[in-house]
1. Within segment 35-44, which residues are within 16 Å of residue 90 (Cβ to Cβ) and part of a strand (DSSP E or B)?
2. Does segment 29-56 hold any residues that are surrounded by fewer than 15 Cβ atoms within 10 Å (Cβ to Cβ) and not basic (Lys, Arg), and which are they?
3. Say whether the condition of being surrounded by fewer than 10 Cβ atoms within 10 Å (Cβ to Cβ) and small (Gly, Ala, Ser) is met by at least one residue in segment 63-77.
4. With the requirement that a residue be of a type in the set (A, V, I, L, M) and farther than 8 Å from residue 89 by Cβ, what does segment 45-70 give you?
5. Pick out the one residue from 59, 21 that is crowded, with 16+ Cβ neighbours inside 10 Å, modelled with pLDDT of 95 or more and aliphatic (A, V, I, L, M).
6. Tell me whether segment 2-13 contains one or more residues that are of a type outside the set (S, T, N, Q) and touching a strand residue (DSSP E or B) at 6+ places or on another chain (Cβ under 7 Å).
7. Evaluate segment 2-21: report whether one residue or more is in a strand (DSSP E or B) and closer than 28 Å to residue 92 by Cα.
8. What number of residues within segment 45-61 are closer than 16 Å to residue 27 by Cα and either part of a loop (DSSP other than H, G, I, E, B) or touching a residue at least 40 places away in the same chain (Cβ under 8 Å) (or both)?
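The values are calculated or read from the model by the stated rules, or taken from the named source; none is laboratory data. Note that the coordinates shown come from a computational prediction; the quantities given were computed from them, not determined experimentally. For neighbour counting, all protein chains shown are included, and Cβ atoms are generated from backbone atoms with ideal geometry for every residue, glycine included.
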Amino acid sequence: MATKKAGGASKNGRDSNPKHLGIKVSPGGSARVGSVLVRQRGSDVLAGKNVSMGKDHTLFAIKDGVVSISYKRLVHFDNSVIKKKVMSVVPS
């Protein structure tokens, strides 16, 4: 009898590195120019005033100020209504 299991028999021995997604500066916090506010996959949070979106949908501040979140109603082609978060930076 074998004393070790045959190599290559495990089918779930893989894992990916963490991507560290989410909100980095919470509402009410202060943001500097260029500071990352949200890392996301897709545009879950939209860019508002004084906020810009990178090519990987990362939101970052383009002016110094205080972070705020509001909501926006969007209507799709099939007339379904969804609420989206809009992140803004209010200059202080």
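1. The initial filter retains those residues of segment 35-44 that are within 16 Å of residue 90 (Cβ to Cβ), namely 35, 37.
Within segment 35-44, 37 is the sole residue that qualifies.
2. 29, 30, 33, 34, 36, 42, 43, 44, 52, 54, 56
3. no
4. Kept after step one, since they are of a type in the set (A, V, I, L, M), are these residues of segment 45-70: 45-47, 51, 53, 59, 61-62, 66-67, 69.
Those that are of a type in the set (A, V, I, L, M) and farther than 8 Å from residue 89 by Cβ: 45, 46, 47, 53, 59, 69.
5. Values: 21 fails: crowded, with 16+ Cβ neighbours inside 10 Å.
Only one candidate qualifies: 59.
6. Taking segment 2-13 and keeping what is of a type outside the set (S, T, N, Q), we get 2, 4-9, 11, 13.
Pick out the ones that are also touching a strand residue (DSSP E or B) at 6+ places or on another chain (Cβ under 7 Å) and you get none.
Looking through segment 2-13, none of the residues is of a type outside the set (S, T, N, Q) and touching a strand residue (DSSP E or B) at 6+ places or on another chain (Cβ under 7 Å).
7. Within segment 2-21, the subset in a strand (DSSP E or B) is none.
No.
8. Initially, segment 45-61 is screened for residues closer than 16 Å to residue 27 by Cα, giving 45-51, 59-61.
Okay, now just the ones that are also either part of a loop (DSSP other than H, G, I, E, B) or touching a residue at least 40 places away in the same chain (Cβ under 8 Å) (or both), so 45-50.
Residues in segment 45-61 being closer than 16 Å to residue 27 by Cα and either part of a loop (DSSP other than H, G, I, E, B) or touching a residue at least 40 places away in the same chain (Cβ under 8 Å) (or both): 6 in total.
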